[in-house]
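Q: Once you've had a glance at the structure underneath, I'll fire off some questions.
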Amino acid sequence: MTFRQERTPWDRSAQVQDTRLQEAQVQDTRLQQPQRSPGRGTAAMFVLATLACTAVLAATYVFFVRTGTGQFIDESALVEAVELSGTAGKAATKLLDWLPALSVAIASIVVAFVTILRRRWSAAAIAIAACVGANLATQVLKDWLPVRPYRGVETLELNSLPSGHTTMAASAAAAVFLMVSPRWRPLAGFLGGSFAVATGVSTLINQWHRPADVVAAFLVVGAFMIPAGWLIIRRGTRWNVWDGYNKHWASARLWVALPVLTGLAAAGVAAYAMLSVGVGGQENSTTSYFWAGTSLIVIAGYLATVAGVWLFGLAATRASRSASQ
């Protein structure tokens, strides 16, 4: 009598083979599914953001340079800065004296380190070109824009818009922002934005520039760095991916919440300062316009920071989390 052994569903070898077959099928399915490439589908948003920077830049010039109301607000903030030109002025002067070398040094070290370590040569070339372009555009606008017309406000006729020092600081910070990995961009955005805002406020304290000059500098940098960032994302699809917020300490939502809260606080200060002026205008004001102008710089700088972190985070995110960051 012979016995024939039949394989049952409980046979371990059959289970292993079935498991391997299922894993192979899942892997094939994943390979067949198209994954969203970083930056794809966001070109229109980057174009709109660039156009928005250009349009707001033009509006800033028209209102604060070409109209009497804008000139009065801008010039009043500059005049009232004298009241705070003591200790704060000395500290601000030191920052401005060191600013050109400091901005170039920080940006050069970070960009060079990331470029050599991660071999992001094309990204470095694009970021540097955009940085140089923003600074050249600022100098061209200073020379080509018409001088301030007389609108009943005693002010210098020479055009000071945009601020060259602020452009240098903001463009250097933006270059670093574009070069680091997406998971580091929330932190880089907050630190870089704070550096640019501090520079802008320092130029106001030292009476080098009016608030509108600083805001214009932010917008010039945005107009150059936003399209450059999109090119970097499209050319660096392998490293412009991330898992989203709070997956790394540098990508914590804290770095987005801080500029939002600071901007809201600055908006409250601006509202209080302007309400305290009352109907009498500058006659009833000693530092109200200065604080309003400072708040405008803070709001503009941190609004640009939050918008940039959100836009680049949206463009860099994709469904697959297997790519190296």
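The values are calculated or read from the model by the stated rules, or taken from the named source; none is laboratory data. Only a predicted model underlies this, so the values are computations on that prediction, with no experimental measurement involved. Glycine gets a Cβ as well: all are built from the backbone with ideal geometry, and neighbour counts include every protein chain shown. The accessibility values were calculated without ligands, DNA or RNA, using every heavy atom of the protein model including side chains. Shrake-Rupley method; radii C 1.70, N 1.55, O 1.52, S 1.80 Å.
Q: Kindly sort Trp208, Trp255, Trp121, Trp98 by accessible area of their heavy atoms, largest first, with the probe set to 1.4 Å. Display every interim value, and only then the final one.
A: On the way: Trp208 110, Trp255 45, Trp121 145, Trp98 180 Å².
Greatest to least solvent exposure: Trp98, Trp121, Trp208, Trp255.
Q: Using protein chains only and a probe of 1.4 angstrom, how many square angstrom of Val82 are accessible, to the nearest 10?
A: Solvent-accessible area, nearest 10 Å²: 80 Å².
Q: Output ³J(HN,Hα) for the range 261-268: one whole-Hz value per residue in order, computed from phi by the Karplus curve 6.51 cos²θ - 1.76 cosθ + 1.60 with θ = phi - 60°, and x for Gly and Pro.
A: Couplings: 5, 5, x, 5, 5, 5, 5, x Hz.
Q: To one decimal place, what orientation-averaged projected area in nm² is obtained for the convex hull of the Cα set of the range 116-207? It would help to have the intermediate numbers written out before the result.
A: Numbers: hull surface 29.8 nm².
Value for the range 116-207: 7.5 nm².
Q: Ignoring ligands and nucleic acids, what accessible area does Ile128 show with a 1.4 Å probe (Å², nearest 10)?
A: Probe radius 1.4 Å; accessible area of Ile128 about 90 Å².
Q: Return one quarter of the surface area of the convex hull spanned by the alpha-carbon atoms of the range 170-301, equal to its mean projected area, in nm².
A: 8.7
Q: Something else about it: Please give, to one decimal in nm, the separation of the simple spin-label points placed at Trp310 and Asp243, each 7 Å out from Cα toward the Cβ.
A: Using points 7 Å along Cα→Cβ, the separation is 2.5 nm.
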